[in-house]
Amino acid sequence: MVDNLYVVTPRGFCAGVEMAIKALTWMLKIYDEPVYCYHEIVHNDWIVQKFKEKNVIFIEDPKELPTDSIVMLSAHGTAPKVEMEFKNISMTSVNSVCPLVTKVHHEAKKFSENGKKIIYVGHKNHDEAIGALGVAPNNMILVETVEDLDNNSLQNENVALLAQTTLAMSEWEPILNKARSEYENIELPRKSDLCYATTNRQKALINISNKVDKVLVVGSSTSSNTNALVTTINNLGKEAYRIETLADLRNLDLDGTDVAITAGASAPDHIVKEITEHLNPNNLEFYIDTTEEEYFPLPKELRRNITGLSKLLKNMFPKNDKDALNGISKDKSWSATEALSSL
Ligand code: SF4
């Protein structure tokens, strides 16, 4: 039996994931099915499966989209050229990119227009990296490691440094330090590209790590920020295990140990609860490192359509409860977990 179990806050859904899940839920409610989604809506198998069961079809290329269909672009951000292809083929295209990914796209555009070569630190083939590199494909290179930085071809160029939002701080900082020493006039964004959710979850784990022997991180293998949480703890010389479902606990020996449990930004909290109940520790504590208030509104094209629809319904059925028809005004207090339960 686990001795002390610490359930860490913040964990799980970030504001970008909340927004994307609610956006796709709204789309299923107001448009004819099937609804298409470019890339996995968020990198979590349970959530993707839940939407597949409701007739969402996930695609990896605009060519897979039938003409005049409805499509949502995922939270990870889409290259401008690809977004345009989707707009041209679809009847309605809703971009649910996280605003913090959009920030990186804006920086890439600005630096590129100012004649900079951009070193983008990220994971090859990750959806977010593919989207960001598509903003200025001729002026951007990808590096994943300090060694990649040594081997790149930009030795004497005017350089800017950007990053995928979900890196481990321990992946980003050595590359940042090395780049600063290599390029005298290197330009960086005013505010770090690593997003608040990524850094808050990592800092919380670092702060609790002295108290525990092992860490469980709930999330899918495709989730970059989940893997970053595992890396963060491993770099401290401690054991961390990524857990997708209860079944993954099977081969772990947690008897007599002190354990912390957290979740990546796309992992639903009911899995954390199931695991916590299953472990049934001698002592359960809720460790709150910091609280998060961030809220990202739904994509504007979707807000416009929902508002129009609400207005139409109010005019057609004036006796109906006003609040029941005004979904948009309640969006801030409607959680992604409630949205998923409503499917
Ligand atoms: S992890 Fe950060 S960048 Fe990614 S969706 Fe969440 S808030 Fe946005």
Checklist outcome for this item: Taking the range 122-173 and keeping residues within 15 Å of the ligand (Cβ to nearest atom) and hydrophobic (A, V, I, L, M, F, W, C) leaves Ala129, Ile130, Ala132, Leu162, Ala163, Leu167, Ala168, Met169, Trp172
Checklist entry - Does any residue of the range 92-100 turn out to be buried (at least 18 other Cβ atoms within 10 Å of the Cβ), in a helix (DSSP H, G or I) and under 17 Å from the mean Cα position of the chain (by Cα)? => result yes
Checklist outcome for this item: Subset of the range 26-56, residues β-branched (Val, Ile, Thr), more than 16 Å from the ligand (Cβ to nearest atom) and assigned to a helix (DSSP H, G or I), comes to Ile30
Checklist outcome for this item: Within the range 246-276, the residues that are among the polar types (S, T, N, Q) and free of Cβ contacts under 8 Å to residues at least 24 places away in the same chain are Asn251
Checklist entry - Quick check, is Ile118 surrounded by 20 or more Cβ atoms within 10 Å (Cβ to Cβ), hydrophobic (A, V, I, L, M, F, W, C), touching a strand residue (DSSP E or B) at 6+ places or on another chain (Cβ under 9 Å) and not in a helix (DSSP H, G or I)? => result yes
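Restricting to the range 192-204, and then to whatever is small (Gly, Ala, Ser) and under 17 Å from Thr262 (Cα atoms), can you tell me which residue is surrounded by the fewest Cβ atoms within 10 Å (Cβ to Cβ)?
Among them, the one singled out is Ala204.
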Next on the checklist: Quick check on Leu229: is it within 16 Å of Leu279 (Cβ to Cβ), among the aliphatic types (A, V, I, L, M) and either modelled with pLDDT under 95 or crowded, with 16+ Cβ neighbours inside 10 Å (or both)?
Outcome noted: no
Checklist outcome for this item: Among Pro189, Pro137, the single one that is exposed (fewer than 15 other Cβ atoms within 10 Å of the Cβ) and closer than 22 Å to Cys98 by Cα is Pro137
Checklist entry - Under 9 Å by Cβ, and 6 or more places apart or on different chains, what pairs join a residue from the range 290-312 that is surrounded by 14 or more Cβ atoms within 10 Å (Cβ to Cβ) with one that is among the aromatic types (Phe, Trp, Tyr)? => result Glu292/Tyr196; Glu294/Tyr196; Leu298/Trp26; Leu302/Trp26; Asn305/Trp26; Asn305/Tyr31; Ile306/Trp26
Checklist entry - Within the range 140-151, is there a residue that is in a loop (DSSP other than H, G, I, E, B) and either under 17 Å from the mean Cα position of the chain (by Cα) or under 25 Å from Phe13 (Cβ atoms) (or both)? => result no
Checklist entry - In the range 1-36, how many residues are closer than 30 Å to Glu285 by Cα and of a type outside the set (Ser, Thr, Tyr)? => result 18
Checklist outcome for this item: The one condition Ile59 fails out of (1) within 18 Å of Thr337 (Cα to Cα); (2) more than 16 Å from the ligand (Cβ to nearest atom) is (1)
Checklist outcome for this item: Here the residues within the range 7-21 that are more than 12 Å from the ligand (Cβ to nearest atom) and surrounded by fewer than 24 Cβ atoms within 10 Å (Cβ to Cβ) are Val7, Thr9
Item to check | Residue within the range 257-268 that is surrounded by fewer than 16 Cβ atoms within 10 Å (Cβ to Cβ) and either at pLDDT 95 or above or of a type in the set (Ser, Thr, Tyr) (or both) present | outcome: no
Checklist entry - How about the range 30-78: which of its residues are within 17 Å of the chain's Cα centre (by Cα), hydrophobic (A, V, I, L, M, F, W, C) and buried (at least 21 other Cβ atoms within 10 Å of the Cβ)? => result Cys37, Ile41, Val42, Ile47, Phe51, Met72, Leu73, Ala75
Checklist entry - Does any residue in the range 85-101 that is more than 16 Å from the ligand (Cβ to nearest atom) come within less than 8 Å, Cβ to Cβ, of a residue that is outside any loop (DSSP other than H, G, I, E, B) and of a type in the set (Ser, Thr, Tyr) six or more places away or on a different chain, and which pairs are these? => result Phe86/Tyr38; Phe86/Ser93; Lys87/Ser93; Ser90/Tyr36
Next on the checklist: Looking only at residues that are charged (D, E, K, R) and either more than 16 Å from the ligand (Cβ to nearest atom) or at pLDDT below 95 (or both) in the range 294-313, which one is farthest from the chain's Cα centre (by Cα)?
Outcome noted: Lys311
Checklist entry - In the range 184-202, what residues are hydrophobic (A, V, I, L, M, F, W, C) and either within 16 Å of the ligand (Cβ to nearest atom) or under 18 Å from Asn227 (Cα atoms) (or both)? => result Leu194, Cys195, Ala197
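The values are calculated or read from the model by the stated rules, or taken from the named source; none is laboratory data. These numbers come from a predicted model, not from an experiment. FYI the Cβ positions are ideal-geometry reconstructions off the backbone, even for glycines, and counts take in every protein chain you see.
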